[in-house]
Amino acid sequence: MAAPSPDGSRLLLIEPEPNPPVMLLGRPHLALGGVRVDPATGGLRCTSRIASFRVLPVDGRPEVPLRLPDDRSFGVPVWSPGGRWLALARHFGGGLGTGKELWTVDAASGEARAVPGLGVTDTLSGPSWTPDTVALPGQPLPMLRWAPDGRLLAAAVPSGRPPLARAAMPEGPYVEDTNGKRSQAQTFQGLLASAEDDRLFQLAATSQLVRVDPASGAVERIGEPGLLYRFEPSPDGRWLLVERLQPPFSHRVPWSDFACRSEVWDAASGRPVALVADRPVADEVPRHGVPTGARGVRWLANRDATLTWIEALDGGDPTVEAPHRERLLRWDAPFREAPEEALRMRHRIVDRRWLAAPERLLLTELDIDRRWRTTWFVDLADPDARRVLFDLSVNDAYGDPGAPLMALRPSGHTVVRQDGDAIYLTGAGASREGARPFLDRYDLATGQTQRLFQSAADAYERFVCFAGGARDRIVIERESPTEPANLHVVSGSGDRRPLTPRPDPHPELGATTRLIRYRRDDGVPLSGLLALPPGWCPGGPPLPLLLWAYPLDYSDPATAGQVRGSERTFTRVEGASPLWLLFRGWAVVYASMPVIGDPETMNDTFVDQVVASARAAVDELAESGVVDRRRVVVGGHSYGGLMTATLLAHSDLFAAGIARSGAYNRTLTPFGFQTERRSYWEAPDVYHRVSPFSHADRIRAPLLLIHGAADNNPGTFPIQSERLFQAIQGHGGTARLVVLPFEDHSYLSRESVLHVIAEMLDWTERHAPARE
């Protein structure tokens, strides 16, 4: 990972530890309100580690290592707006007992030090961090951000907090009433479930806002402690937007949907001066809807102190007919007058990007029925004069104009990077020949686009940042089928200078990847990326095949058939990847698996469509002589796991299957799944048909089921794999169940990853051997 400094003159190179030991995942934790808390620190449980941090100047000067204790206990650093400082938290091993150590680093020298006696917390991070707060990689974080005066704002553990220890005995049984609420929430896990849970959550979530001087380490407390989950200084530094939770807590939804308040504080005294919103618990939000009241409260980044937020005009319900679904409101300091409506939008507002000029922004709305995305240029001084910049299907990869580059202002707020009327857009560059990432200069006044950079035809190159702020030099990451990803500086004349010398992690592999295209029986064009083992040549003996896929929903065949991958990337085998089978002489194909139709009813034909897509892929590869159709195994993770079990129940295409961390009984997710909008009671036949559990008697091919014992993903409870295994067993089928201790929805630890690889290799060799 490369995190550019705000001016692009340096890159923070972050090398994660590929797979930490399982003992890290097995550390004691508390599941509270949808988050997992480490009682040793009172913050979020850390399940990953970073091996090294280095600051690399793009002008060729030597890199600077960060002089941190070498114990892999630190999180991702955050750049200061001026690029002088980095700030980061130490997730464990700090010895504070209550809180994570806060460290600051001088980016020029790498000198690092802890802020003495200060423990910070990140318990309330993640779910409430929305995309429009993101600027550059690692900047900002929800509970740690830089203020306009150059100091750090952080959520500190209040002094004297007692240990986070669960009482030995519960006070009594768990009791819950419906209270007449029509709550159709997802099937979340790890929610609060008792008065003891409420007590522990209150302890873990309470923090004290502090201001830290990175040079001296001086700490200043601001306001009173509370259940703070977000804070943001105004661009002029005079005010603070502070958002905090309100008890009593809900036992139906995670903390991000608890009752909460948005307030404005005086930044100097910490005294509340204005109430923006006081929202109740959001446990009655319509399916695929949004909460009522103010949401997405943010400072207007290009003015001194103006708040903006969004409110639904349709009750947050996408099924309600309304001439306008959203409105944007604004409120100017000193917040004595009433807020005013800035504009109304016909569809749901999903993104706001402020431009450099005051009150101007790029605003994106989503038509959920058509799955259509429209981006507008808006001037709040004259909102009726707004005009469309981009208008396309959310599935249209070929027409995607890219995302605007953002710039970090000295205030710590982000705006679209702009030179006069020009902004810069970067995207994946999907095309029929494969993805070729690009950088464009787009003129807001004329709508004209100038392509500044596009990936070479024989490689996969993506834009990282402008080098040192100049517009005639950029940093890219380049990889090709024969070279791993490395960073380069590219000049306007095309000259290139390498920045990093990352070697080939497995030179003995020598695998090749090719893009394949084919058609489904109904005429829908499909594609896939086929990886071939080393040494195989056309005309050689047909190979055994692992077909790996994940179903995606589309509104029309044209966008469903678009090519989104690239055969020009480096084949890197890591983690629990299915590509490990290449070392055993297998072919592996990542196949497209589209489900096309009206969003309201597309799952009526889910089974037929995934079977047709799988059959088309197998036929294409078998008829071309690459694959032996008798030795084809299907696999997938999460929704791909459900797809795998579905294909075994409704087709005879496969010799075996590998389903990881899936949900196989959709009646256990009765208020929708993926993009399904109907409840079980509205479409019971659909829920029954798309549940492999209901058809377990038809699963005759051997099925390997793998699941993390601590899967916290909504809907994919470990019991999903356990019950499907028992159902197959009850009908005399062949199945194997592997439950990985301490693992979540994805598998992280070294021991678990190695075990998953071994299980997959053994299963495929047992049921479809590479050599007969």
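Rounded to the nearest 500, the 222 nm mean residue ellipticity of the chain from helices alone is -3500 deg cm²/dmol, with -39,500 (n - 2.57) taken per DSSP H run of at least 4 residues.
Remark: the range 404-517 projects, on average over all directions, an area of 9.5 nm² (convex hull of Cα atoms). Placing pseudo-labels 7 Å out from each Cα toward the beta carbon at Ala445 and Cys537 gives an inter-label distance of 6.1 nm.
For the range 538-593, the convex hull spanned by the alpha carbon atoms encloses 127 Å³ per residue. In the context of the full set of protein chains, residues of the range 1-112 present 36 Å² of accessible surface per residue (probe radius 1.4 Å, heavy atoms only). Of the accessible area of the range 414-453, computed with a 1.4 Å probe over protein heavy atoms only, carbon and sulfur atoms account for 39 percent. Once the chain from Arg27 to Ser431 is taken as fully extended at 0.36 nm per residue, the excess over their C-alpha distance is 140.9 nm. This model, with +1 at the C-beta of Lys and Arg and -1 at the C-beta of Asp and Glu, gives the range 465-539 a dipole about its Cα centre of some 220 debye. Across the accessible surface of the range 149-212, with the other protein chains kept in place and a 1.4 Å probe, carbon and sulfur atoms take up 54 percent. Averaged per residue, the range 569-648 has 28 square angstrom of accessible surface, using a 1.4 angstrom probe with ligands and nucleic acids left out. Computed with a 1.4 Å probe over protein heavy atoms only, the accessible surface of the range 430-511 comes to 48 Å² per residue. The slack between Ala338 and Arg386, meaning 0.36 nm per residue of separation minus the straight C-alpha distance, is 14.8 nm.
Fully extending the segment from Ala709 to Ala356, taken as 0.36 nm per residue of separation minus the present Cα-Cα distance, adds 122.3 nm.
At an R0 of 51 angstrom, the distance between the Cβ atoms of Ala558 and Asp177 translates into a FRET efficiency of 0.55. Placing R0 at 60 angstrom, the Cβ-Cβ distance between Asp522 and Ala259 gives a FRET efficiency of 0.80 after rounding to 0.05. Roughly speaking, what is the centre-to-centre gap between the range 375-416 and the range 470-528 when only Cα atoms are used, to the nearest Å? For the range 375-416 versus the range 470-528, the Cα centre distance is 28 Å. With both labels modelled 7 Å from their Cα along Cα-to-Cβ, the Asp685 to His324 distance reads 4.2 nm. With a 1.4 Å probe and every protein chain kept in, tell me what percent of the accessible surface of the range 570-716 is carbon plus sulfur. Carbon with sulfur: 48 percent of the solvent-accessible area.
Viscosity 0.692 mPa s, temperature 37 °C: what is the translational diffusion coefficient of the range 278-411 from Stokes-Einstein with a Kirkwood Rh over Cα pairs, rounded to a whole number of µm²/s? In µm²/s, the coefficient is 205. Once the C-beta distance of Asp70 and Ala215 is scaled by a Förster radius of 22 Å, the resulting FRET efficiency is 0.35 to the nearest 0.05. Hydrodynamic estimate: the Kirkwood radius of the chain over Cα pairs, inserted into Stokes-Einstein at 25 °C and 0.890 mPa s, corresponds to D of 87 µm²/s.
The values are calculated or read from the model by the stated rules, or taken from the named source; none is laboratory data. As the structure is a prediction and not an experimental result, all values here were calculated from the model. For neighbour counting, all protein chains shown are included, and Cβ atoms are generated from backbone atoms with ideal geometry for every residue, glycine included. Accessible surface is based on the protein model in full, side chains and every heavy atom, while ligands, DNA and RNA are left aside. Shrake-Rupley method; radii C 1.70, N 1.55, O 1.52, S 1.80 Å.
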